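These notes are about the structure you will find just below.
The values are calculated or read from the model by the stated rules, or taken from the named source; none is laboratory data. Since the model is a prediction, treat every value here as computed from it, not as a measurement. Ideal geometry is used to build each Cβ from the backbone, glycine not excepted, and the neighbour counts take in all protein chains shown.
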Amino acid sequence: MNLGINDDVFDLSLSGDSWNYKISNPHGRLISSIFVPGESKKSYMINVMVPANISIGDSDSITVTARSQGNPRKVKHVLIRSEAITPLIDIYSDTEINKELPVNPKSVYTYSQSIYLQPQIDRAGMISKISFQYNGNSAWTDDIVIYMGNTRLNEFDTGYDWVPYDQLTQVYQGSLTVTTTAGWVDITLNNRFFYNNTDNLVIALDENNINAHHKNDQFLCTKVDTNQSIVYTQDFDYSINPDPLSPLYGGPRPYYPNVKLIVHIVPIDNFQMIKTTPDAAVGISDSYVYKLKLLNNGPVDDSYSLSLSTANWIYQIRNADNSSDVSAVTIASGQTADILLIVSVPDNGVTAGDADCVTITAMSKKFSHLVVKTQVTTTAFKKRTYLTAQPGDGNIVSSGLPMNPEEQYTYAQSIYHKETINKVGFIKTVKYYYNGSQPFNDYIVLYMGTTTKPEFKNNSDWLQYNELTQVYNVSL
């Protein structure tokens, strides 16, 4: 917080660390200083990466120093302490059985959904493994599919109150194998799932095995006050296999299956957007292309939505080859993607020196906290206008002008009256009309100048060298 009345910039530094730390703005961009208007505050983040050789319970401390550039005597030190925690989250407190959750082994088919409330998890991150608690009565293997979703539901009110299929993500398809040893049955997900720690988590299990098992084969559950689970089981009719796309009437249950979750925190800097083209000056009525690179440093493939802030000029987000507009881009884990931002400066209402600013925002579709913003500022200038002027349309030859190809050397000056040009501006190109008699290549130097002289009066009436500017020095 800047308690002064004047705007200020504060340099940020870290000291005393043994783990890996980074300073970033709220959107994940690394910073070493921060601008804070007078009598206001700005947020920034300290990101810590716990080394692999650290044990659970180990801690590390770091001092963050903010020093005013306006008054170096204004210094603030803040001590931050971090502790290594386990990615394992246990959600259970009872050992209830015969609740048909998450699967009913004595039935031929089961489809169930269970809600785990946000306070029970209390960590945003990637779920990579789930474990259910089994009593070890007998050993068997079933085919299952597991789905997960972030949901606003707290409980299932009726037997039709399923979380819709389109709000679920398939995270596992394979075997559920149990043994005669009581304990936790671990399932490593095929596709890790991001839990946002804002909504509740729903876990759905679809069991598809025609073989029923012993009635004493049981998974352990915890009793609660509300119906946090719903289940459909089929014991008799082998032709009725519940479809997660359109579940049949189920039975709400005031229980949930005991679970353990492995939840890994996703670092904020797993996604970056870098402007590879600096801010530019663009001619009025012209367009300009900015290049930006997006980097997915995260653990999974992801898609990113792209949007622009309100601006006065015209902007487009285009794909890398400028063949189409884009509003989203998909990037594989560890890969990059290029996009273009095209600005068009209007020809009306804009004067030289005017500037316009737009912010391009990229938001991860899997990790809602991963949002990066890049600001682009363009300044308008009055561009040079190139017009065509043709002083002369004659067809006289053998005058030795502007050069005599038959001679070894030629130096000539020619005056073109302003009436024959009748334009003001920069001369970009000069063209001489040649009869094409034969090809040749000569070395020439070309000069230009402005003069009030209407004509050359005699053979010594040249324009002086200091009245001329060299404009060309190559071959003709």
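When you go through Tyr255, Tyr249, Tyr290 one by one, which is the residue that is among the aromatic types (Phe, Trp, Tyr) and under 30 Å from Thr336 (Cβ atoms)? Let's see the steps before the verdict.
Numbers: Tyr255 fails: under 30 Å from Thr336 (Cβ atoms); Tyr249 fails: under 30 Å from Thr336 (Cβ atoms).
Exactly one of Tyr255, Tyr249, Tyr290 is among the aromatic types (Phe, Trp, Tyr) and under 30 Å from Thr336 (Cβ atoms), namely Tyr290.
On the given criteria, is Gln408 at pLDDT 80 or above and either touching a Cys at 6+ places or on another chain (Cβ under 7 Å) or outside any loop (DSSP other than H, G, I, E, B) (or both)?
So Gln408 does not fit the description; no.
Here's the yes/no breakdown for (1) under 13 Å from Leu476 (Cβ atoms); (2) in contact (Cβ under 8 Å) with a residue 60 or more places away in the chain; (3) more than 58 Å from the chain's Cα centre (by Cα):
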position: Leu401; (1), (2), (3): no, no, yes
position: Glu406; (1), (2), (3): no, no, yes
position: Tyr411; (1), (2), (3): no, no, yes
position: Lys418; (1), (2), (3): no, no, no
position: Lys423; (1), (2), (3): no, no, no
position: Phe426; (1), (2), (3): no, no, no
position: Gly436; (1), (2), (3): no, no, yes
position: Tyr443; (1), (2), (3): yes, no, no
position: Asp461; (1), (2), (3): no, no, yes
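Given the options Asn25, Asn20, name the one that is within 27 Å of Ile265 (Cα to Cα) and at pLDDT below 80.
One residue alone meets the criteria, Asn25.
Can you tell me which residue among Asp161, Asp186 is out of contact with any helix residue (DSSP H, G or I) (no Cβ under 7 Å at 6 or more places or on another chain) and closer than 25 Å to Asn227 by Cβ?
Numbers: Asp186 fails: closer than 25 Å to Asn227 by Cβ.
After applying the criteria, what remains is Asp161.
For Leu101, which of the numbered conditions (1) out of contact with any Pro (no Cβ under 8 Å at 6 or more places or on another chain); (2) in a loop (DSSP other than H, G, I, E, B); (3) buried (at least 19 other Cβ atoms within 10 Å of the Cβ) fails to hold?
The number of the failed condition is (1).
Quick check on this structure: which one of Leu153, Leu79, Leu101 is within 37 Å of the chain's Cα centre (by Cα) and touching a residue at least 40 places away in the same chain (Cβ under 8 Å)?
Leu153
Pick out, from the range 9-71, the strands (runs of 3 or more DSSP E) lying fully within it that include 3 or more residues that are exposed (fewer than 14 other Cβ atoms within 10 Å of the Cβ).
Ranges flagged: 59-68.
Among (1) out of contact with any helix residue (DSSP H, G or I) (no Cβ under 9 Å at 6 or more places or on another chain); (2) surrounded by 13 or more Cβ atoms within 10 Å (Cβ to Cβ); (3) not aromatic (Phe, Trp, Tyr), there is one condition Ile89 misses while meeting the rest; what is its number?
Evaluating Ile89 over (1) out of contact with any helix residue (DSSP H, G or I) (no Cβ under 9 Å at 6 or more places or on another chain); (2) surrounded by 13 or more Cβ atoms within 10 Å (Cβ to Cβ); (3) not aromatic (Phe, Trp, Tyr) leaves (1) as the failure.
Yes/no matrix, rows are residues, columns are (1) in the same structural domain as Phe194 (by TED's automatic domain parsing); (2) surrounded by 13 or more Cβ atoms within 10 Å (Cβ to Cβ); (3) of a type in the set (D, E, K, R); (4) more than 14 Å from Asp356 (Cα to Cα):
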| site | (1), (2), (3), (4) |
| --- | --- |
| Met273 | no, yes, no, yes |
| Asp279 | no, yes, yes, no |
| Asn297 | no, yes, no, yes |
| Asp302 | no, yes, yes, yes |
| Leu306 | no, yes, no, yes |
| Thr310 | no, no, no, no |
| Ala320 | no, yes, no, yes |
| Ala328 | no, yes, no, yes |
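Please verify whether Leu176 is within 36 Å of the chain's Cα centre (by Cα) and either loosely packed, with under 15 Cβ neighbours inside 10 Å or assigned by TED's automatic domain parsing to the domain that holds Asn227 (or both), treating the condition exactly as stated.
So Leu176 does not fit the description; no.
If you scan the range 441-476, which residues turn out to be among the acidic types (Asp, Glu), assigned to a loop (DSSP other than H, G, I, E, B) and either over 16 Å from Pro402 (Cα atoms) or not assigned by TED's automatic domain parsing to the domain that holds Asn404 (or both)?
To start, the set of residues in the range 441-476 that are among the acidic types (Asp, Glu) comprises 442, 455, 461, 467.
Imposing the further condition that a residue be assigned to a loop (DSSP other than H, G, I, E, B) reduces the set to 442, 455, 461.
Within the range 441-476, just Asp461 meets the criteria.
Among the residues of the range 31-47, write down those that are touching a Leu at 6+ places or on another chain (Cβ under 8 Å) and of a type in the set (A, V, I, L, M).
Across the range 31-47, the qualifying residues are Ile31, Ile34, Ile46.
Do the conditions hold for Ile342, that is, is it of a type in the set (Val, Ile, Thr), surrounded by 17 or more Cβ atoms within 10 Å (Cβ to Cβ), farther than 26 Å from His264 by Cβ and outside the structural domain of Asn422 (by TED's automatic domain parsing)?
Answer is no for this residue.
Would you pick out the residues in the range 419-440 that are under 25 Å from Lys382 (Cα atoms) and either in a loop (DSSP other than H, G, I, E, B) or of a type in the set (Phe, Trp, Tyr) (or both)?
Asn422, Lys423, Val424, Gly425, Phe426, Ile427, Lys428, Thr429, Val430
Among the residues of the range 262-269, is any out of contact with any Phe, Trp or Tyr (no Cβ under 6 Å at 6 or more places or on another chain) and at pLDDT 90 or above?
Looking for residues that are out of contact with any Phe, Trp or Tyr (no Cβ under 6 Å at 6 or more places or on another chain) and at pLDDT 90 or above, one finds at least one in the range 262-269, hence yes.
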